[in-house]
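Structure first, commentary second.
The values are calculated or read from the model by the stated rules, or taken from the named source; none is laboratory data. In this text the structure is predicted, and so the values were computed from the model without any measurement. All Cβ positions, even for glycine, are placed from backbone atoms using ideal geometry, and neighbour counts span all protein chains on display. Accessible surface areas use protein heavy atoms only, side chains included; no ligands, DNA or RNA. Shrake-Rupley method; radii C 1.70, N 1.55, O 1.52, S 1.80 Å.
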Amino acid sequence: MTKEEPLAPGVSLHPGEEQRYRERTQRSRELLETARGLIPTGHAGGMWYQLPYPVLLERGKGTQVWDVDGNEYVDMRIGDWVMIHGHSDPHVGEAIVNQLDRAGQFGCPEWDLAYRLGSLIHERMPSVEKIRFQVSGTETNLLALRLARAYTGRTKLAKARGSYHGIADILIAGTPSIRYVETTLPAGVTEGVAQDVVEYPFNDLAGTEEVLTREADNIAAVIVEPVMGAAGMIPATHEFIHGLRGLTERLGIVFIFDEVVTFPMAYGGAQAYFGVKPDLTTMSKAIGGGLPAAALGGSAEIMDLLEPTKHGGRAPITAASTFGGNVTAMAAGIACVEQLTPDVHEYVTKLGDRLRAGIDEIGRRNGIPLHATGAGHLSGLHWAEERVVDYTTRTQGDDEKITNIVMALMNEGWFTFSFGYLLINRAFSEQQVDDFHAALERALRAVDLVD
């Protein structure tokens, strides 16, 4: 086995809990090293940040996942924020199998799966007057920006400091969402691309107004995460979202709601939760029911830039995507979204509120600065003297303590990543949430943060 390099240099792990972790996951480590010889990071894709190294999963059912060592966990990543009904949902599985018996992929016009899924989304999101399907959140955010540029004749993109909208050059230029990344110009991103990025302070309406007003003549689009995901599950305030909508309308800037993560947080997504109508909405993750799917929807006026019949047979923008609208993913998405009833959203939101309230109570009872942020099914675990409300307060937290708490939680059978993201889905029960709180208290004792 090659010598293992640290995934996060400078992070000190609790010796006892690290040893326990390594003893429980020896096969994961061996197979990870084998895979690294062929695949950078040792896995095919997705997020991987677990210290001292990631465990390798091989199956999941409901709220549970199992790794290659046979360890069972409650999954609080839900498939990288995807599996809102839990793993191996029977309705989604049946839809996939039935569709594969008909066809797995066409890559050309079909009837009527994309229309049905689009109609379900349109019914929930009145702002989505027209819709187009892609494969990933990155691809969809890029198409949204291109439409905004064509519509406004401007070039720049305004995004929040510390936000995350995908891996494309223009989306990752600027203040990183991950704290240990220290550059605003990542390797491989040119200064020519970065000059088209403007950053505004999340949840600071006055500061944002100053930035947008100064750059208004150049900004094609403002994009926002209603809940900043990679930065730590930090929700926007209602005042900030409504103020941002007002600013973009006044300045003639296209307002893009990045609902790649937040689509399942309410019936109608985060825009229904906040009561706001964006110009464009990007979606992915949950809308595919566990298969790769993404969508861009918005006002007919902007979306018609994709419609040839509105422009003499030649659309200003062509958005071809080989697997966009893949029929199997559409079938899975229909089965997923149809189950997202108002009652389901209410249930999951109550569980999320219970999860966050319990974490806050543990912090108060033990006299430690542990608290939770988030909304709906999305929560973040923070150790910070000042409550986390934006990127600045997020960076003042103690990531090393969160990393050690999460490592101890993994040893307790709770699967998440070292950043402290905690997600739930409709398969969770109140008892599981309460069990998590008990496991969290044990984890705090195990890493010597409470007596």
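Computed quantities for the displayed model
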quantity: Given (1) 25; (2) 15; (3) 45, the label whose value is percent of Cα pairs over 41 Å apart derived from this model; calculated: (2)
quantity: Using alpha carbons only: equivalent-ellipsoid semi-axes of the stretch 309-451, gyration tensor based, whole Å; calculated: 39, 20, 15
quantity: Counting all C-alpha pairs of the stretch 125-239, share separated by more than 18 Å (%); calculated: 54
quantity: Ratio Rg/Rh [Cα only; Rh per Kirkwood] for the stretch 179-251; calculated: 0.99
quantity: Carbon plus sulfur fraction of accessible area for the chain, probe 1.4 Å, in percent; calculated: 51
quantity: Candidate aspartates and glutamates for bridging to K277, where Cα separation is under 17 Å - those fewer than 8 sequence places away on the same chain excluded; calculated: E123, E129, E225, E239, E249, D258, E259, E301
quantity: Heavy atoms of I167 accessible to a 1.4 Å probe, total area in Å² rounded to 10; calculated: 120
quantity: Residue-wise HN-Hα coupling along the stretch 360-366, computed from phi with Karplus coefficients 6.51, -1.76, 1.60 (Hz; x: Gly, Pro); calculated: 4, 5, 4, x, 5, 5, 9
quantity: Folded to 0 to 90 degrees: helix 399-412 orientation relative to the chain principal axis, Cα; calculated: 70
quantity: Solvent-free Debye scattering, log10 I(q)/I(0), computed from the Cα coordinates of the stretch 123-191 at q = 0.19, 0.28 Å⁻¹; calculated: -0.88, -1.32
quantity: Environment charge of M330, counting only residues whose C-beta is closer than 10 Å and scoring Lys/Arg +1, Asp/Glu -1; calculated: -1
quantity: Karplus (6.51, -1.76, 1.60) ³J(HN,Hα), θ = phi - 60°, over the stretch 85-100, in Hz, Gly and Pro reported as x; calculated: 9, x, 6, 6, 4, x, 5, 5, x, 5, 5, 5, 4, 4, 5, 5
quantity: Accessible area expressed per residue, the chain, with surrounding protein chains retained (probe 1.4 Å, Å²); calculated: 42
quantity: Cα Rg over Rh - the stretch 226-269, Kirkwood; calculated: 1.00
quantity: For the stretch 271-276, 3J(HN,Hα) per residue [Karplus equation, 6.51 cos²θ - 1.76 cosθ + 1.60, θ = phi - 60°, Hz, x = Gly/Pro]; calculated: 5, 6, 4, 8, x, 10
quantity: Surface accessible to a 1.4 Å probe, K130 within the full protein complex, Å²; calculated: 80
quantity: Rg/Rh for the stretch 76-197, where both radii come from Cα atoms and Rh is the Kirkwood radius; calculated: 1.04
quantity: Under-5 Å amide H pairs with L422, H placed in peptide plane, nonlocal only; calculated: S379, G380, L381
quantity: Nearest-ten-degree value, helix 430-446 long axis tilted from longest Cα axis of the chain; calculated: 50
quantity: When the stretch 1-115 is reduced to its Cα atoms, the Kirkwood hydrodynamic radius in Å; calculated: 17.0
quantity: Amide proton proximity set for M228, modelled H, under 5 Å, gap of 5+; calculated: I234, A236
quantity: Relative contact order of the chain, defined on C-alpha pairs under 8 angstrom at six or more residues apart (%); calculated: 21
quantity: Amide H contacts under 5 Å for Q64, placed H, 5+ residues apart; calculated: D75, H87
